[in-house]
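The values are calculated or read from the model by the stated rules, or taken from the named source; none is laboratory data. Note that the structure is a prediction, hence the values are computed from the model and not measured. As a convention, Cβ positions derive from the backbone with ideal geometry for all residues, glycine included, and neighbour counts pool all protein chains shown. To get the accessible areas, we keep the full protein, side chains included, count just its heavy atoms, and leave off ligands, DNA and RNA. Shrake-Rupley method; radii C 1.70, N 1.55, O 1.52, S 1.80 Å.
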Amino acid sequence: MTNSMFASIKDSLAKPAQSSSSTSNIMRLKTGNTYTVRLLPYTPEPSKTFFHYFSHGWVSEATGQFQSAISPQTWGERDPIAEARFRIMRTGTEEEKEKAKALTRREQWLINVYVVKDPENPENEGKVFLFRYGKKIFDKITAAMSPEFEDEKAINPFDFWEGANFKLKIRKVDGFWNYDKSEFEEPSKLFEDDSEADKVWQ
């Protein structure tokens, strides 16, 4: 990976969301497992390596099923769901306010990953998936690329030869998924055969 590509990826961490993304082929995870992945750059346009978006979620009173919708704020537009919730919390009845509290808003990211180890689905190993994550993982990636302290060495997680695998460790804490134990391994070569690296890179 060139220095210019790495710089472009780092810059993208601080930029607003891009205009589009596919949400198919997302890696499925379960608590209690440790997954090992290598983050991948979006080689045609490194600045789009991360897709940053906002979403709303709620349980439908009609079906009892969880529903979600991407917030128009993702594209810098007004968000009618957020505006309605804010209005209800200010002027609605107590019953309306209780219902509005059930509406959640999440900030999330999508990135391509190469699956090194998947204990739940070994057939996924050696394949590329989309990995969806929240602020906790985002902070860990940012800290690895731009360390806070002078005695910490920056990692280029995307490099196949000198990058680092990411250990994704999922626990359930107080009823919620927790990623605090997730961490980058020491830098290592992902492939012994450069032709395999080129195949994934392409």
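Set the bar at 29 Å for Cα to Cα. Now go through Lys101/Lys136; Lys136/Lys199; Lys48/Lys97 and name every pair that lies beyond it.
Numbers: Lys101/Lys136 23 Å; Lys136/Lys199 31 Å; Lys48/Lys97 38 Å.
Checking Cα-Cα distances, Lys136/Lys199; Lys48/Lys97 exceed 29 Å.
With a 1.4 Å probe and all protein chains in place, put Glu77, Glu186, Glu45 in order of accessible area, largest first.
Ranked list, largest accessible area first: Glu186, Glu77, Glu45.
Can you give me the solvent accessible area of Phe176 with a 1.4 Å probe, rounded to the nearest 10 Å²?
My reading of the accessible area for Phe176 is about 150 Å².
Please give the solvent-accessible surface of Lys199 in Å², to the nearest 10, using a probe radius of 1.4 Å with every protein chain present.
150
For the chain, with the dipole built from +1 on Lys and Arg beta-carbon atoms and -1 on Asp and Glu ones, taken about the Cα centre, which of Ala164, Thr49, Gly76 lies farthest toward the positive end?
My answer, from the dipole projection, is Gly76.
So how much slack lies between Glu95 and Phe149, counting 0.36 nm per residue of separation and subtracting their Cα-Cα distance, in nm? Spell out each step's value before the answer.
Numbers: separation 54, 0.36 × 54 = 19.44 nm, distance 4.91 nm.
Contour length minus the Cα-Cα distance gives 14.5 nm.
For the stretch 32-99, what is the relative contact order in percent, using Cα pairs closer than 8 Å and at least 6 residues apart in sequence? Could the numbers behind the result be given before it?
Working: 45 pairs, mean separation 11.8, N = 68.
Once divided by the residue count of the stretch 32-99, the mean separation gives 17 percent.
Between Glu186 and Glu83, how many nm apart are label points set 7 Å from Cα along the C-beta direction?
Placing both labels 7 Å beyond Cα along the Cβ direction yields 5.6 nm.
Report the percentage of all Cα-Cα pairs in the chain whose separation exceeds 28 Å, rounded to a whole percent.
Details: 7183 of 20301 pairs.
Here the tail beyond 28 Å accounts for 35 percent of pairs.
Determine how large the accessible area of Ile70 is when every protein chain is in place; take a 1.4 Å probe and give Å² rounded to the nearest 10.
Only protein atoms counted, so the area is about 70 Å².
What nm distance separates the two modelled labels at Glu196 and Arg171, each placed 7 Å from Cα along Cα→Cβ?
Here the modelled spin labels are 3.3 nm apart.
Can you give me the C-alpha center-to-center distance between the stretch 147-197 and the stretch 21-85, rounded to a whole angstrom?
21
Quote the FRET efficiency, to the nearest 0.05, computed for Trp75 versus Thr34 with a Förster distance R0 of 45 Å and r equal to the Cβ-Cβ distance. Walk me through the numbers on the way to the answer.
On the way: r = 35 Å, r/R0 = 0.78.
Taking R0 as 45 Å, the efficiency between Trp75 and Thr34 is 0.80.
Test of understanding: in a Gaussian network model of the chain with alpha carbons linked when under 10 Å, which of Gly32, Gly126, Gly64 would top the mean-square fluctuation ranking?
Maximum among the listed residues: Gly64.
As a check on your grasp of the helix formula, calculate [θ] at 222 nm for the chain: sum -39500 (n - 2.57) over DSSP H runs of n ≥ 4, divide by the residue count, round to the nearest 500. Numbers along the way, then the final one.
Details: 5 runs with 49 residues, N = 202.
When only DSSP H runs of four or more count, the value is -7000 deg cm²/dmol.
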